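The values are calculated or read from the model by the stated rules, or taken from the named source; none is laboratory data. Computed from a prediction, not measured in an experiment: that's the story for all the values here. Ideal geometry is used to build each Cβ from the backbone, glycine not excepted, and the neighbour counts take in all protein chains shown. Note: accessible area is taken over every heavy atom of the protein model, side chains too, but ligands, DNA and RNA are not part of it. Shrake-Rupley method; radii C 1.70, N 1.55, O 1.52, S 1.80 Å.
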Amino acid sequence: MSTTTTERPGDPAPLTVAAWRDYDPRACALPGMRLDDVRVEGPVAAAVDRLWEAVDLTAAGDPGAAARAVRDLCLVRDLTARAVFVEWRLRLPPEPSDGWQVLGHLQPPGELEGPEDAAGALARWRQGHYLCKCLWRQGPGFVQIRDRRWGDLRRFTADGPEYHAAITALDHGAHAGDVPAPVLAEFREERLVADVGPLVVWLPYRVRRWIQEAMTI
């Protein structure tokens, strides 16, 4: 994260911090990389925690916290799709212990909280991660998802326009009622979406960088 600060001469408080999620100016120019200007008041340690808090997927009871978690998760997903290195932290519910695997196609976090063996889970995540592990693409009249999060290739092809419409709605989080129930049930069965509080978010990323020929992936 990089920051710049502004303050009036002779008046050290409050402090306004303009923050980004990366040091590289090219990465900071990407959509979603700039954080809002943050007004720093009170203890500095608390302000630092607020600027670099974990993506918290346990905040089910707070709609605002759920919306922030979905936003941050989508940022990690979309940057992973572009092969941009991401430094982030993740907090998951303690159960199930393998709950991290549904996010195993994303750039591994620097810190993982929640699972009983968080260090072991994070090590397995890092060892097993590669680009294009769970992706979707749109063809002429169909949507295809290729999922290798579980070790084998699971391929799904949907040729109805309602599937693409559902993915569009869920791409950055939506309420379950905004998506046709049968389509959402299929997505949930295949663990292609995640429930974060009152919101449901689409997990596969749209392929942006092929690591091999498309037919191989």
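Could you calculate the FRET efficiency of D195 with R71 from 1/(1 + (r/R0)^6), where r is the beta carbon distance between them and R0 is 22 Å, rounded to 0.05? It comes to 0.90. With both labels modelled 7 Å from their Cα along Cα-to-Cβ, the H129 to D159 distance reads 3.7 nm.
Against the criterion of solvent-accessible heavy-atom surface with a 1.4 angstrom probe, T80, T157, T58 sort, most first, into T157, T58, T80.
Here the contact order of the range 60-150, divided by its residue count and restricted to Cα pairs under 8 Å and six or more residues apart, works out to 23 percent. Dipole orientation for the range 152-212: of the candidates V193, G177, P204, P204 has the Cα lying most toward the positive pole (charges on Cβ; Lys, Arg +1; Asp, Glu -1). Of the residues F187, F85, F142, ranked by 1.4 Å probe accessible area with the largest first, the sequence reads F85, F142, F187.
Using only the Cα atoms of the range 69-217, build the gyration tensor, take square roots of its eigenvalues as a ≥ b ≥ c, and label the shape rounded, prolate or oblate: rounded if a/c is under 1.5, else prolate if a/b is larger than b/c, else oblate. Oblate, because a/c is 1.5 or more while a/b does not exceed b/c.
The per residue volume of the convex hull around the alpha-carbon atoms of the range 106-171 is 112 Å³. Here the dipole of the range 120-176 is about 440 debye; that uses its Cα centre as origin and unit charges on the Cβ of Lys and Arg (positive) and Asp and Glu (negative). Once both labels are positioned 7 Å from their Cα atoms along Cα-to-Cβ, the gap between D178 and D24 label points is 3.1 nm. Applying a DSSP loop filter and a limit of 13 other Cβ atoms within 10 Å to the trypsin sites (Lys or Arg not before Pro) in the range 110-217 leaves R209. Determine the shape class of the range 53-100: with a ≥ b ≥ c the square roots of the Cα gyration tensor eigenvalues, call it rounded for a/c under 1.5, and otherwise prolate if a/b is greater than b/c, oblate otherwise. Oblate.
The distance between label points at A119 and T168 comes to 4.8 nm (points 7 Å beyond Cα on the Cα→Cβ vector).
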